[in-house]
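Below is one structure, written out as structure tokens; comments come after it.
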Amino acid sequence: MSRGPDQGRSSAARGRRIADKARAGTRPPKPRVADPRDDGPDIGVEARLAAGVLLNAALEGRGGLDTALSFREVADLPGPDRAFARAVAMAALRRLGEIDQILDRKLQKAPPLAVRTILRVALAQTLVLETPAFAAVSTAVKLAERETKTRPYKNLVNAVLRGIEREGPGLTTAESNLPEWLAARWRATYGEATLTGLALAAREEPATDLSLKPEVDAAAVAGALDGEVMAGDTVRTGRRGDLSTWPGFEDGVWWVQDAAAAVPVRLLAPTTGESIVDFCAAPGGKTLQIAASGASVVALDRSDKRLDRLRANLTRTGLSAEVVAVPAEDWDDPRTFDAVLLDAPCTATGTFRRNPEVLRATKPADVAKLADVQHRLLDAAAERVKPGGRLVYCVCSLEREEGETQIIAFLRRNQAFRTAPADPGVVGAPSEALTSEGWLRILPSMWAEKGGLDGFFIARLDRVA
């Protein structure tokens with residue numbers, strides 16, 4: 001256990017000091033996504049090449065985009081150009097179905113993947129990021145000229161992009177951005193209107209949400225970050241760029257956490273002096289919430305590397321937790337706890353706003369495979385709950401097999417537990433997220449007027465025997 005350098009300092013005072021700095025004119029300007037066309041055509045080509053590398057890596061499998069950030073074509077770029085490449089790749093992922101709809105109307109036959117990638121990257125810039133067409137077309141043609149396999153298609157690239165610029169993209173459908181199998185599942189589960197809402201949510205880049213220490217002045221932090229205070233005192237800001245330069249980062253008064261991801265701990269309702277274990281804790285936002293409540297928390301995760309981020313945030317925020325790197329089912333420890341939080345491994349389909357690649361990486365077989373893991377972890381978590389204690393189960397998945405079905409089956413085989421109905425207003429969740437059983441089913445299409453939020457299923461189960 002460790003305490004950070006901010007121990008003993010008033011977080012409320014720090015929050016006010018942040019706002020004072022902002023009012024004094026020391027707030028840094030809003031960052032923008034750098035466009036390499038400002039720095040000459042050669043740099044522009046390299047950044048767009050990197051965007052294509054990131055896009056294809058994301059389409060090849062889960063975690064591919066993050067891995068590709070270390071590839072030479074990406075890692076060797078200056079920071080602003082690397083950020084631009086990532087922004088283009090993410091824009092292409094969010095609108096991939098629509099981009100392909102537009103291209104397919106212009107292409108008589110499918111070109112090689114390398115050529116389609118050049119076209120996808122160019123359209124992501126012009127249609128989503130509003131890059132001037134002359135810059136996108138010029139660098140797309142230069143990209144085609146670079147390689148032997150794409151050089152014969154440079155005139156095609158030019159003609160297709162010029163044609164779209166001249167004639168317009170035509171009509172597209174937001175639902176086309178969703179893989180057909182997922183769209184069919186969500187239509188059957190949630191209905192056509194909700195499917196449309198989910199598809200529209202998948203188009204948009206989300207804002208950044210911050211969780212605060214309980215004693216921090218949320219309004220002051222929101223003012224310093226050009227943000228707004230959401231339900232549950234989450235602060236939402238449209239700022240982009242290096243988090244370490246934002247007001248309050250060094251003071252450790254906040255950490256990044258989607259508004260929906262903060263709900264499970266509020267439903268758990270930890271209090272000072274309680275003992276709590278956070279199963280599958282990395283990257284650690286929920287552990288920080290529990291620690292900030294004054295409870296004693298064990299952060300358990302199978303990945304020691306993923307726990308490094310939690311350790312860094314504990315130091316920065318001055319909070320403490322017992323960090324244990326071991327699979328939950330193999331944890332050889334006799335303790336039981338007042339409360340257990342299980343944020344189980346899942347398909348993460350509810351996070352598509354922040355991680356659009358998850359829609360392409362997830363396969364139908366993954367749902368059943370992960371449901372089996374969740375079943376085992378739920379039983380392991382239940383064994384750690386003291387009589388009279390509580391268990392909160394959550395997944396950032398939209399699939400019923402990973403949420404509602406898990407809890408139905410768990411309650412059938414664990415007679416000592418009962419559902420404790422959630423109060424959305426108390427835990428900072430959309431009112432429409434409450435199910436008839438008392439669980440929470442949060443959808444990314446909820447709070448659309450506020451920018452949406454991640455999808456989650458959350459249930460609290462109290463041990464009554």
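Can you tell me which residue among 335, 309 is under 21 Å from residue 380 (Cα atoms) and basic (Lys, Arg)? Before the answer, list the steps.
Working: 309 fails: under 21 Å from residue 380 (Cα atoms).
Testing whether each residue is under 21 Å from residue 380 (Cα atoms) and basic (Lys, Arg) leaves just 335.
Counting just the residues of region 165-184 that are open to solvent by 60 Å² or more (accessible area, probe 1.4 Å) and closer than 30 Å to residue 400 by Cβ, which one comes out farthest from the chain's Cα centre (by Cα)?
Here is the first cut: in region 165-184, the residues open to solvent by 60 Å² or more (accessible area, probe 1.4 Å) are 165-167, 171, 173, 180-181.
Applying the additional criterion that residues be closer than 30 Å to residue 400 by Cβ yields 173, 180-181.
Working: 173: 24, 180: 22, 181: 22 Å.
Once the filter is applied, the top-ranked residue is 173.
Name the residue that is nearest to residue 320 (Cα to Cα), counting only residues in region 274-299 that are touching a Lys or Arg at 6+ places or on another chain (Cβ under 7 Å) and either open to solvent by 10 Å² or more (accessible area, probe 1.4 Å) or outside any loop (DSSP other than H, G, I, E, B) (or both).
Per the stated criteria, the residue is 292.
Output the residues belonging to region 360-376 that are open to solvent by 10 Å² or more (accessible area, probe 1.4 Å) and of a type in the set (A, V, I, L, M, F, W, C). First the steps, then the outcome.
Looking only at region 360-376, we keep the residues that are open to solvent by 10 Å² or more (accessible area, probe 1.4 Å), and these are 360-361, 363-366, 368-373, 375-376.
Within region 360-376, 361, 365, 368, 370, 371, 373 meet the criteria.
On the given criteria, is residue 459 closer than 25 Å to residue 387 by Cβ, open to solvent by less than 20 Å² (accessible area, probe 1.4 Å) and part of a loop (DSSP other than H, G, I, E, B)?
Working: closer than 25 Å to residue 387 by Cβ: yes; open to solvent by less than 20 Å² (accessible area, probe 1.4 Å): yes; part of a loop (DSSP other than H, G, I, E, B): no.
For residue 459, the condition - closer than 25 Å to residue 387 by Cβ, open to solvent by less than 20 Å² (accessible area, probe 1.4 Å) and part of a loop (DSSP other than H, G, I, E, B) - is not met.
Which of the residues spanning region 379-399 are within 30 Å of residue 445 (Cβ to Cβ) and open to solvent by less than 20 Å² (accessible area, probe 1.4 Å)? Steps first, please.
Within region 379-399, the subset within 30 Å of residue 445 (Cβ to Cβ) is 381, 390-399.
Scanning region 379-399 gives 381, 391, 392, 393, 394, 395, 397, 398, 399.
Out of the residues in region 231-245 that are open to solvent by less than 50 Å² (accessible area, probe 1.4 Å) and touching a strand residue (DSSP E or B) at 6+ places or on another chain (Cβ under 8 Å), which is farthest from residue 207 (Cα to Cα)?
Here the residue is 234.
Among the residues that make up region 144-164, is at least one of them surrounded by 15 or more Cβ atoms within 10 Å (Cβ to Cβ) and under 28 Å from the mean Cα position of the chain (by Cα)?
Within region 144-164, not a single residue is surrounded by 15 or more Cβ atoms within 10 Å (Cβ to Cβ) and under 28 Å from the mean Cα position of the chain (by Cα).
When you scan region 433-453, how many residues do you find that are touching a helix residue (DSSP H, G or I) at 6+ places or on another chain (Cβ under 8 Å), open to solvent by 10 Å² or more (accessible area, probe 1.4 Å) and over 20 Å from residue 410 (Cβ atoms)?
Residues that pass the stated criteria total 4.
Which pairs do you get when a residue that is at positive phi, found in region 420-431, comes within reach of a residue that is of a type in the set (Asp, Glu), reach meaning Cβ atoms under 9 angstrom, with the pair 6+ apart or on two chains?
428/233
Of all residues in region 133-160, which are touching a residue at least 12 places away in the same chain (Cβ under 8 Å), out of contact with any helix residue (DSSP H, G or I) (no Cβ under 6 Å at 6 or more places or on another chain) and either assigned to a helix (DSSP H, G or I) or among the hydrophobic types (A, V, I, L, M, F, W, C) (or both)?
Residues satisfying the conditions are 138, 146, 156.
If I go through region 207-237 residue by residue, how many of them are charged (D, E, K, R) and either under 18 Å from residue 449 (Cβ atoms) or in a helix (DSSP H, G or I) (or both)? Give the derivation first.
In the first step, residues of region 207-237 are kept if they are charged (D, E, K, R); the result is 209, 213, 215, 217, 226, 228, 233, 236.
Adding the requirement that they be either under 18 Å from residue 449 (Cβ atoms) or in a helix (DSSP H, G or I) (or both) leaves 209, 228, 233, 236.
Number satisfying all stated conditions: 4.
Report every pair of residues separated by at least 6 positions or lying on different chains whose Cβ atoms are under 7 Å apart, first residue within region 246-263 and crowded, with 24+ Cβ neighbours inside 10 Å, second polar (S, T, N, Q) and modelled with pLDDT under 95.
253/11
Yes or no: residue 73 without any contact (Cβ under 8 Å) to a residue 60 or more places away in the chain, within 20 Å of residue 50 (Cβ to Cβ) and assigned to a helix (DSSP H, G or I)?
Values: without any contact (Cβ under 8 Å) to a residue 60 or more places away in the chain: yes; within 20 Å of residue 50 (Cβ to Cβ): yes; assigned to a helix (DSSP H, G or I): yes.
So residue 73 fits the description; yes.
Of all residues in region 91-125, which are more than 17 Å from residue 139 (Cβ to Cβ) and in contact (Cβ under 8 Å) with a residue 60 or more places away in the chain?
Residues satisfying the conditions are 93, 94, 95, 96, 97, 98, 100, 101, 102, 105.
Listed here are the residues, each with its yes/no results for (1) farther than 20 Å from residue 340 by Cα; (2) at pLDDT 95 or above; (3) of a type outside the set (Ser, Thr, Tyr).
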| position | (1), (2), (3) |
| --- | --- |
| 366 | yes, yes, yes |
| 377 | no, yes, yes |
| 383 | no, yes, yes |
| 386 | no, yes, yes |
| 399 | yes, yes, yes |
| 411 | no, yes, yes |
| 431 | yes, yes, no |
| 455 | yes, yes, yes |
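Scan region 408-416 and give yes if some residue there is within 23 Å of residue 348 (Cα to Cα), of a type outside the set (S, T, N, Q) and open to solvent by 30 Å² or more (accessible area, probe 1.4 Å), otherwise no.
Narrowing region 408-416 to residues within 23 Å of residue 348 (Cα to Cα): 408-410.
From what is left, the residues that are of a type outside the set (S, T, N, Q) are 408-410.
Those still in the list that are open to solvent by 30 Å² or more (accessible area, probe 1.4 Å) too: 408-409.
Yes: one or more hits.
Only one of 128, 115 is open to solvent by less than 40 Å² (accessible area, probe 1.4 Å) and not small (Gly, Ala, Ser). Can you tell me which? Give the steps one after another, and end with the answer.
Numbers: 128 fails: open to solvent by less than 40 Å² (accessible area, probe 1.4 Å).
Of 128, 115, the one residue that is open to solvent by less than 40 Å² (accessible area, probe 1.4 Å) and not small (Gly, Ala, Ser) is 115.
Sort out which residues of region 54-70 are touching a residue at least 24 places away in the same chain (Cβ under 8 Å) and of a type in the set (A, V, I, L, M, F, W, C), and write them in order of number.
54, 55, 58, 59, 65 - these are the residues of region 54-70 that are touching a residue at least 24 places away in the same chain (Cβ under 8 Å) and of a type in the set (A, V, I, L, M, F, W, C).
Count, please, the residues in region 203-230 that happen to be of a type in the set (Lys, Arg) and open to solvent by less than 50 Å² (accessible area, probe 1.4 Å). Talk me through it step by step, then tell me what you get.
Initial filter on region 203-230 (of a type in the set (Lys, Arg)): 203, 213.
Adding the requirement that they be open to solvent by less than 50 Å² (accessible area, probe 1.4 Å) leaves 213.
Residues flagged as of a type in the set (Lys, Arg) and open to solvent by less than 50 Å² (accessible area, probe 1.4 Å) within region 203-230 amount to 1.
Mind listing just one residue for me: the one in region 331-357 that is part of a helix (DSSP H, G or I) and modelled with pLDDT of 95 or more and, of those, most open to solvent (accessible area, probe 1.4 Å)?
351
Residue 270: assigned to a loop (DSSP other than H, G, I, E, B) and either open to solvent by less than 10 Å² (accessible area, probe 1.4 Å) or not small (Gly, Ala, Ser) (or both), yes or no? Outline the logic, then answer.
Working: assigned to a loop (DSSP other than H, G, I, E, B): yes; either open to solvent by less than 10 Å² (accessible area, probe 1.4 Å) or not small (Gly, Ala, Ser) (or both): yes.
So residue 270 fits the description; yes.
Can you pull out the residues in region 300-330 that are among the charged types (D, E, K, R) and either in a helix (DSSP H, G or I) or free of Cβ contacts under 8 Å to residues at least 12 places away in the same chain (or both)? Quick ask: steps written out before the conclusion?
Within region 300-330, the subset among the charged types (D, E, K, R) is 301-302, 304-306, 308-309, 311, 316, 322, 329-330.
Result: 304, 305, 306, 308, 309, 311, 316, 329, 330.
The values are calculated or read from the model by the stated rules, or taken from the named source; none is laboratory data. The structure presented is a predicted model; accordingly, all values stated were derived computationally and were not measured. In this analysis, Cβ positions are derived from the backbone assuming ideal geometry, glycine residues included, and neighbour counts consider all displayed protein chains. Side chains are part of the model used for accessible areas, which takes the heavy atoms of the whole protein and leaves out ligands, DNA and RNA. Shrake-Rupley method; radii C 1.70, N 1.55, O 1.52, S 1.80 Å.
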